[in-house]
Structure formats: C-alpha cells, structure tokens
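Structure record follows, encoded as structure tokens.
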Amino acid sequence: MSSYNIWVGSQLGTLKGVQFKDNLTFSYGDHNTTDKLPEILSMSWTDTNEKEICLGLQNGNVKHFSTDTCCYTTNWDGFAGKGQFTGLHHHDGCYIGCFDSGELYYNSEDSNLMKINTGGQTSKMTVNPLNPLLTATGGKQNNLKLWDLSKSKEAVFKAKNMPNDMLGLQVPVWITDIAIVPCTHQQPEIITVSKYHKVQIYDSRTQKRPVSVTELGNSPLLSIALVPNQRKIIVGDNKGTMTLFDLKTKRPIGNFKGCTGSIRSIVCHPSENVVAVCGLDRYLRIFDLKTRQPKYKFYLKSKLNSLLFHSQLFKQNKREHPTTESNDTDSDNSDVWDGLETIEDSLPKKVSNVVIVLPLYATTPSGIVL
Amino acid sequence: MGQPKSLTTIMADVKNKERRRKLHQELKSQKRKEKKDRKKKRIKEEKELGDDAPPKKVPKTIESTRIHDETLVDPNDDEIIADERSDKLQTYFDRIREPKVLLTTSVDATLASIRFIEDWMNCIPNSERRDRNKLDLKSVVSQATQQDITDIIIVNEDRKKPNRITIAHLPDGPTACFKLSSYKPSSMIKGHGTATSHKPEIVLNNFSTRLGHSVARMLAAIFPFDPQFQGRNCVTFHNQRDFIFFRFHRYIFKSKQKVSLQELGPRFTLKLLWLKDNVIDSELPEYEWTYKRREMNKNRRKFQL
C-alpha cells in the first residue's frame, strides 16, 4: 500500500506521488521513450474511497491509476480524439468529460455517449462534489451554465451577463475556473473566476445575474478552490499570486507568497488546514491555511497541471510515529474511521442552516446570506 | 561591566564629528596593524612548515556562498532531458526550423533603439530589422508568422534609450522579457573590430538552474545551427548573479595555450524579468516565472538562473 498523500499530474505525462512527511516523490510514467507521453490534463478520484485516480490525457484517453498497487490499471478511449480535456469526472462507473471545443460528454450506464453542446469554447467543467451529475461549464465568451446529466440535455441554469458598461459595450466573459459549493439540492451556489480578474458569485436559486462581482488584482485569474467549512475561497492567477478571499465581505484577506509561475491547480484538504498548489513553476507547494505560511515545497521537475489530495493518508502521516509499518496500518485504520465521521457530521449542519435562513430573505434581490 | 568597550561602540556615542573622525582613523589603523601582523605570522608559519603549512584560505564570494538551489539541473536526469525534448524550442534543436529573426522596436521609438538594433544585428545572421510604425503587436506577430519568422525581438524604449528586450519565439513558443542596461555600442569600444557575416559560435555560461536552462535555450535559438569556425566569431552570454552579459568577440590562437580576443560587437547586460509560456500576444498568457522583487530580493545569495 503506497503512502503517497498527494498526487500531481504533469505536463510531461507523468503522474507523481508525493509523500510530504518523508519528503519522497516518485514519478509513474516512462519518459525514456522517444514518443512524447500524452499530457495529463485532468485528474479526479474515481470514488470517495480514493483508491483509484481517473486521468484525462491530452489525446482524449482516460486512464485509471490505482494508488494501492501504484500502477496504471485500465485505459478507456471512449473520448479519444474529442479534443483537449477541460474537466473529467468519474461517477458510478460512468465518465463525465468536457472538452475545449465546448462539448460535454456523459457516458451513461447503458454505454450511450450523451453529448451536450455547451455553446462555445469551454475552459473548465466542474461537478458538484455531492451530486456529480450536476456539472457547471464556462469558457471564453461562454457564460456559466449548469447541466443536470440525469435529466435533459438542456441547461438547468444559464447565467446572464452583467449589464452593458457605461460605453454601452458588452462586458466580456471568459470564465477560467468554477467552484460549486457542495450541496445536496439541485440549485447550488457557484463561484467563478475569470480572465478579466473578476470573482463572480452566482446563486442559481435566485437570479441569473451574479449575486456579486469583485475585481481582484490586475492579472487573469486561473484557478479557484473552496476552503472547506468556511465562507472563503483561494484564487490563483497567471503570475503566481494566490489570494485568500472572503466571500462574506467580498474582499481579499491576504496572499500566499511563494509561487513564481502561473497557478494551474489549487486544492484544499477537506479536514486539515492545508492548501496545496501546483503550477508552471514546477513546484508543488503546501501552505498552512490559517497563517498563510509556506509549509513544504517539492521540486517536481516538469510543469504541473493538476493535483489531488489523498485526504486520509495526509491526515495519518501527520500523526505517524517512526515505528514499523504494520503497527502503523492498524492504528491508522481507526484514525481513518474517526476522520470520516467528523466530515459527515458537519455537512448536514451546514445544509440545514441554509434552509432555515433563506426564506426570511426571499424578498431581497440577492437571495443568499453571505 | 569590566569588559573594555570596542572602538566602534564608543564611536557610536560620540556626537562631535571631529572627535568621531579621529576615533575612526584610530580604528582603521588598528585594523590595518592587526591584518599586517596576521600576514607576517602566516608567512612565517609557511616558511617554517614548508609543505605541512595549512592550505591558503579561499575568500568567500557571493557566488561561492550561493544558496543551494533544488532546481539545479543534473545533466543525467532523465526527466529533465525528456522535459527539454518536449519543449516548444525543440524544433530548433532538432534542426527542423532554421532561425529567422525579426528585430523591431516599440511604437514611437527614437533613433537610439534603431542604432542598438543595427549594432546587434551584426552578430545575428539571418536577421532583419523592420520599422514599427505604430503597428499593433497582433499584426506584427501575424505578419511575422506568415513570413515564417521564428523569433521576434522587440526593443522597448524609455526616455529615448532602449531599456527592455522581449524575445518571442514564434509559432506558440515561450516569450522572455529582459531588462537592458550598460549598453556600449561597438563604435565606443576601444580597439573594436568589424564583424563579418560568418555564423558565430555561441557560449552560454553559468545557466545552471531549470529556469536558466530555458532562458539559455531561448537565447541559443536565435542563432543559426552550425557555426562557421573560419570566421572565429564568438557570441557569449555569461550569466553571473542573474545578470546576463552579452559580448561578441573574434578570437585568435597565438599558440596552443594563448588566445587573444578582439571585441567586435555591442556590449550589454540583460536581466530576466519574466518568462511566459505562450506567444507574446497570447490572449491568456501564463507565466512560467516572474520577478517578484519583495520575495526574491530578500537574500543576496539566492539566484534564479
């Protein structure tokens, strides 16, 4: 059983496992061949057990990598030749893949490939973590759209652009990353980040226009991550500036200093107060969320595209004592179950809060309490 | 309490400039004397011990005390070799695309930039200078790609002096921006020679980190593949403390050990400001590296290239 707690996909096509405690990194992928390995564009866990990673490659192939045996298992080429992945998720044996051209494909259980045209170039597709069939897409001149893949091919929610500016010109739209606040119902809150350095918060329950729009910095914003259990997000731009942004006050709180290159992926650990970032500067950096101080950094030799936390192993490694491996696995199992319980308890509480408060504010234009 | 105060601490409290100056002179002569005594002692020791004498001390320089960089390239590293092979500049190193360079200035540039370009063009074979004439960058790039140009060098001007150089590799390649300083035209160099049209040899010194490698590859990709050794021309990009010194010489071997150099071309210094992964006019540029003064300026012994 491998003990790598972070998995990073690189532009060279190699998947790297990083164990931050012992400062180990290992690359999975043979780059000695003369042919170039297809770039890893998108990564996601196949299920919540976090035993297998689903990789979306440059040529449209989908590969599975088992973190237990540390080798590539299956290869699925149902999406081959469709284009460049801008989002890939696996749900119950089915694949949801979105491509640069704007096509969103859902490989449903009856093995029919359902194709949806998102209406333009798509830069990013994200899913609702609690209901992966609810996906959001957005791109260049292609505003935010929510799709419910279990229902119809029509968008469940289509965002409306802001009103024309003072010169009467249409406000340009280029959504680079989307984050869906996890929820069990079909009308989530969505936060998008655009090339025009705007952070836009949408509430699909109330209105089509964004509930709030904030200008953040001067550079195109490229990635976003939700801070779990807090009304905050982390936003990364194309120059390496990572900002912690408060959704309540809609102002930046502070920056995470250290990245020198464009930020491709930011992931917050679900329970530990830790953020991992990777990007074009070939480093994987880990910051503490509370103090915003850098904790670890790993030089990973090639440009990095995407990143995944192995949530349980990351927590275990923190409490590990330098004893034999067998002892560790026994004690760690109990930690694993403890960890799982706390996560489940917190979620229903949050959902119930939202349900109670909303009706009081139903009459106001911005329906959600921030 | 009983310890004697050093001259420097006494000096800090003295308000009278004359007295302080005298104390300073005293301090200096004291230090000079100590140094002389140490040297005398060392020479005496060496004489006495002969071969057993302790080795001569090497002075610490900023380069020798440089902070170890993780990104220092190991020439045997497979992954870095593969990374460079899959680079956008590999078409040059695979000898597929012969470099064709376009040099131009920023909009509304004065004669100074044009003179700089013409001076620099002596070293770069297969290059061409065009007037900018208020043309926007997108048009420059589209016209250049139509004419199969591989690299565009744009010299930016400020206060009637060239101050920045942007090298853009064309089809979709990386773009680097450098700060230009200490420019000395070839006419101002004492005893300079005139360049011939021979293709020069390229020397790239001290580009040790991964970022340094990327920059060095970009600089090398401007020049033609095979140098003409008959011409005995050599272009040097010497990196020291993140400053890249450009020199253009003609060399001649007087004997097997002795070489003499004649400086031909311009002399200038470059400092990397940013390195972008996309073309110069890309709609969504992504930076591989940017100079962040507040974060990178903190340690005098940490270098990026």
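The values are calculated or read from the model by the stated rules, or taken from the named source; none is laboratory data. These numbers were taken from a predicted model, which means no experiment stands behind them. Please note: Cβ atoms are built from the backbone with ideal geometry, for glycine as well, and neighbour counts cover all protein chains shown. Side chains are part of the model used for accessible areas, which takes the heavy atoms of the whole protein and leaves out ligands, DNA and RNA. Shrake-Rupley method; radii C 1.70, N 1.55, O 1.52, S 1.80 Å.
Figures for the structure shown
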read-out: Flag for residue A:228 being surrounded by fewer than 23 Cβ atoms within 10 Å (Cβ to Cβ), at pLDDT below 95 and within 14 Å of chain B (Cβ to nearest Cβ); value: no
read-out: Residue selected from the stretch B:90-126 under the condition in contact with a Gly (Cβ under 9 Å, 6 or more places away or on another chain) and open to solvent by less than 10 Å² (accessible area, probe 1.4 Å), by the criterion farthest from the other protein chains (Cβ to nearest Cβ); value: B:123
read-out: Selected residue (criterion: farthest from the other protein chains (Cβ to nearest Cβ)) from residues of the stretch B:34-89 that are under 30 Å from residue B:170 (Cα atoms) and of a type in the set (A, V, I, L, M); value: B:89
read-out: Answer from A:226, A:284, A:244 - the residue that is in contact (Cβ under 8 Å) with a residue 24 or more places away in the chain and in contact with a Ser or Thr (Cβ under 9 Å, 6 or more places away or on another chain); value: A:284
read-out: Total residues in the stretch B:280-294, condition surrounded by 15 or more Cβ atoms within 10 Å (Cβ to Cβ) and either at pLDDT below 90 or in contact with a strand residue (DSSP E or B) (Cβ under 6 Å, 6 or more places away or on another chain) (or both); value: 8
read-out: Residue that is nearest to residue B:112 (Cα to Cα) [pool: residues in the stretch B:166-208 that are over 14 Å from the mean Cα position of the chain (by Cα) and within 14 Å of another protein chain (Cβ to nearest Cβ)]; value: B:175
read-out: Total residues in the stretch A:265-294, condition within 14 Å of another protein chain (Cβ to nearest Cβ), closer than 22 Å to residue A:125 by Cβ and surrounded by fewer than 22 Cβ atoms within 10 Å (Cβ to Cβ); value: 0
read-out: Positions within the stretch A:42-63 being open to solvent by less than 30 Å² (accessible area, probe 1.4 Å) and not in a loop (DSSP other than H, G, I, E, B), in sequence order; value: A:42, A:43, A:44, A:53, A:54, A:55, A:56, A:57, A:62
read-out: Segments classed as strands (runs of 3 or more DSSP E), wholly inside the stretch B:243-298, with at least 2 members that are under 20 Å from residue B:207 (Cβ atoms) and within 14 Å of chain A (Cβ to nearest Cβ); value: B:267-276, B:287-290
read-out: Subset of the stretch A:231-242 [open to solvent by 20 Å² or more (accessible area, probe 1.4 Å) and either more than 17 Å from the chain's Cα centre (by Cα) or of a type in the set (Ser, Thr, Tyr) (or both)]; value: A:239, A:241
read-out: Residues satisfying the stated conditions in the stretch A:107-140, i.e. of a type in the set (S, T, N, Q), within 24 Å of residue A:160 (Cβ to Cβ), open to solvent by 10 Å² or more (accessible area, probe 1.4 Å) and touching a residue at least 24 places away in the same chain (Cβ under 8 Å); value: A:123, A:126, A:131
read-out: Residue, farthest from the other protein chains (Cβ to nearest Cβ), within the stretch A:295-305, restricted to residues that are in a strand (DSSP E or B) and either more than 17 Å from the chain's Cα centre (by Cα) or under 14 Å from residue B:210 (Cβ atoms) (or both); value: A:295
read-out: Strands (runs of 3 or more DSSP E) lying entirely in the stretch B:149-242 (those with 1 or more residues that are acidic (Asp, Glu) and surrounded by fewer than 19 Cβ atoms within 10 Å (Cβ to Cβ)); value: B:151-158, B:201-205
read-out: 1 or more residues of a type in the set (Gly, Ala, Ser) and within 13 Å of the chain's Cα centre (by Cα): qualifying strands (runs of 3 or more DSSP E) within the stretch A:108-192; value: A:131-139, A:175-180
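Quick grid of which residues meet (1) at pLDDT below 80; (2) in contact with a His (Cβ under 6 Å, 6 or more places away or on another chain); (3) crowded, with 21+ Cβ neighbours inside 10 Å:
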residue: A:4; (1), (2), (3): yes, no, yes
residue: A:9; (1), (2), (3): no, no, yes
residue: A:32; (1), (2), (3): yes, no, no
residue: A:36; (1), (2), (3): yes, no, no
residue: A:40; (1), (2), (3): no, no, yes
residue: A:65; (1), (2), (3): no, no, yes
residue: A:80; (1), (2), (3): yes, no, no
residue: A:90; (1), (2), (3): no, no, yes
residue: A:105; (1), (2), (3): no, no, no
